[in-house]
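Single-structure report; data block below.
The values are calculated or read from the model by the stated rules, or taken from the named source; none is laboratory data. Please read all numbers here as calculations on a predicted model, not as lab measurements. Note: areas computed on protein heavy atoms with side chains; ligands, DNA, RNA excluded. Shrake-Rupley method; radii C 1.70, N 1.55, O 1.52, S 1.80 Å.
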Amino acid sequence: MTNETSKPNRREFMADSGKVAAGMIAAGAFATEALKSTASAASYGKIIGANDTINMAIAGIRSRGSNHIDSFSGMKNVKIKALCDVDENVLNNRAANLEKKKGYKPETYWDFREMLKDKDIDAVSLATPNFWHALGTVWACQAGKHVYVEKPCCHNVFEGRKMVEAARKYKCLVQVGFQNRSIKNVRAAMKFLQDGGIGDVYMARGLCYKSRMSIGKPKDGIGTGPEYDYFAFNRPGEKYTQEYMDKVHYNDWIGPARVRPFNYNRFHYNWHWQWEYGSGDIGNQGPHQWDVARWGLGANEHPVKVSSMGGFFVWKDSAQETPNTQSATVEYADGRVIEFEVRGVYTNPEEGITVGNFFYGTKGWMHLDGSKWSTYFGYKNEPGPTSSESGEFADPNDPAGAGGGGHFENFIAALRNNDINNLSCDIEEGYLSSALPLLANASYRLGRTLYFDGKKEKFIKDPEADKLITREYRKPYVVPESV
């Protein structure tokens with residue numbers, strides 16, 4: 001499976017877009033009749049001109065979503081038509097701030113499905129928790145909306161494949177928020193690698209060295225959170241009082257997950273460290289560096305072997321389920337490997353890098369820290385090309401918007417061109433990268449090396465591991481087998 005062969009070209013995409021009939025939303029417990037009514041040939045086949053206004057809706061606006069609001073609302077001929085969040089405390093505040101800055105007030109929704117009824121919305125941007133990414137994307141595609149979805153694009157491997165299928169079936173552009181793919185210097189570094197700049201690249205490494213503090217172990221129940229938000233380095237924490245929670249649609253926040261009593265550590269942000277909702281830092285910060293590692297390695301398929309180990313150290317008073325120290329290695333069919341390391345306690349940088357990548361080839365190696373990169377050759381580590389010379393290695397045929405205005409701008413440019421090939425990170429690319437930390441976590445949780453069949457997207461003769469390919473979904477929040 002390669003992402004190149006699965007992408008339609010521009011002519012196929014535009015031709016197919018005009019043929020899609022009304023009412024293509026799949027039936028099932030997860031879909032509503034209201035959602036079905038929004039799908040139409042016009043919503044799929046419409047070509048947005050350079051001066052036409054693109055109406056955006058943004059869902060999940062507490063943290064990363066605020067950046068989505070600022071970025072999209074700051075673009076010419078882009079309007080934030082609607083905001084959606086299950087926490088109306090946040091929702092009302094963000095709407096008021098946008099009105100103050102831009103002079104117009106967006107429509108507000110706490111129910112994502114209700115928002116999708118608006119036929120004037122062209123695209124949806126999802127900054128919800130990870131475990132909502134797939135369902136939100138599938139629903140939006142079924143409603144004829146293009147999608148920008150944050151990383152990792154899915155909570156499990158099954159969901160990622162369904163997202164790809166939905167995007168293709170409903171002819172929607174779906175961009176995954178791997179911003180490095182729209183950074184000029186990073187793109188130049190990848191081109192340098194792919195052009196053989198350090199020889200044949202046989203290994204890539206990703207680093208996620210981010211010190212985290214204890215989240216504590218508060219009891220279940222409203223108003224029982226810790227005095228401080230430890231993950232924000234001891235700034236005063238939010239008080240989830242009854243008055244606050246009265247404006248939270250908590251059942252909809254839980255979505256696909258099982259119903260459990262409210263707990264401070266199973267809500268805003270700290271959900272990252274619970275398996276039901278998140279995937280630890282290897283699947284939080286880590287996906288960015290996994291994506292760059294796979295990109296530089298030129299691996300356009302799933303790995304065949306994965307091994308991961310680690311543990312939760314130091315903070316024994318914590319309710320955190322995911323490890324704060326973790327190492328993982330994935331191997332591809334041709335023998336090339338990606339190594340990844342998470343250090344969440346006290347540590348030193350490696351060659352000056354705390355979050356970044358290394359690449360190793362038959363002639364030398366590359367040091368990539370953010371958008372700055374340098375190369376070294378031979379046994380003497382003789383300096384080679386660096387990011388200061390990146391103009392020399394830039395690709396003049398970069399997709400529209402890439403390398404200049406950033407990842408959000410790239411998405412909007414692709415919408416205006418109605419061209420899937422303009423996306424810096426199409427859903428297939430985003431899924432292949434998002435799957436890597438998920439596979440690593442499966443190995444960590446089972447405590448053994450796993451072997452993966454990338455064509456079937458199942459582990460080889462391992463039903464126990466296959467249980468971690470998907471999850472038990474709570475109706476009606478079900479990612480269906482047939483989208």
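Here are a few things to note about the model shown:
- Using a cut-off of 30 Å between Cα atoms, the listed pairs Lys151/Lys456; Lys162/Lys372; Lys239/Lys316 include Lys162/Lys372 as exceeding that distance.
- Accessible-area composition of segment 94-154, carbon plus sulfur, in percent [1.4 Å probe]: 43
- Residue-normalised accessible area of segment 110-186, given per residue in Å² at a 1.4 Å probe: 19
- If the chain linking Lys363 and Met75 were pulled fully straight, counting 0.36 nm for each residue of separation and taking away their Cα-Cα distance, it would gain 99.4 nm.
- Using 0.36 nm per residue and subtracting the Cα-Cα separation, the extra length available between Lys191 and Asn348 on full extension is 53.5 nm.
- Residues whose amide H lies under 5 Å from that of Val78, counting only those 5 or more places away or on a different chain, are Ile54; hydrogens are built 1.01 Å from N in the peptide plane.
- When nucleic acids and ligands are ignored and a 1.4 Å probe is applied, Arg187 ends up with an accessible area of around 40 Å².
- Here the relative contact order of segment 66-178, from alpha carbon pairs under 8 Å that lie six or more residues apart, stands at 19 percent.
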